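Novice: The structure is given below, and queries will be raised subsequently.
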Amino acid sequence: MTASVLAQVSPAAGGPLAYAGTFLLAAGVYSLTAHIAARNVLGDVPIKRALLVGPAPAVISLLLQQYGPLAFVLAVAVDFVLIRYVYRIKARTTALVTFIHIVVSILVLFVVLSAYRLAGTAPV
């Protein structure tokens, strides 16, 4: 029983191509959700700025995936710093954009995982 629980929380082994693909997908999703959050709070902003924000949380979550809560806290902190630097906004506004970025990212993750689970129950 303990071995199966440990196998579920430890990161799966994969080759460089698997890690590169996971990074690119995560960076793309985080960039998209950062752009959505920034547009929600700041109005019309260029997407180029969101492309600077997205890769950092992707790298942190990929490299520190076995340390769940630590990876989350560090990714949020780096996200906050990058949003503040890239969009050149006050700390209070940065906190709001960061919070909305977290919420939108969780919602996107929930929808994608739900669709994946639903597709897994479809008859063949």
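Novice: Kindly indicate whether any position in region 22-30 is exposed (fewer than 14 other Cβ atoms within 10 Å of the Cβ) and either modelled with pLDDT of 95 or more or out of contact with any Asp or Glu (no Cβ under 9 Å at 6 or more places or on another chain) (or both).
Specialist: yes
Novice: Under 7 Å by Cβ, and 6 or more places apart or on different chains, what pairs join a residue from region 45-57 that is outside any helix (DSSP H, G or I) with one that is open to solvent by 80 Å² or more (accessible area, probe 1.4 Å)?
Specialist: Pairs that qualify, where the first residue is outside any helix (DSSP H, G or I) and the partner is open to solvent by 80 Å² or more (accessible area, probe 1.4 Å), are V45/R39.
The values are calculated or read from the model by the stated rules, or taken from the named source; none is laboratory data. Everything quoted here is computed from the prediction, not taken from an experiment. Cβ atoms come from the backbone with ideal geometry, glycine included; neighbour counts cover every protein chain shown. Ligands, DNA and RNA are excluded from the accessible area calculation, which covers all protein heavy atoms including side chains. Shrake-Rupley method; radii C 1.70, N 1.55, O 1.52, S 1.80 Å.
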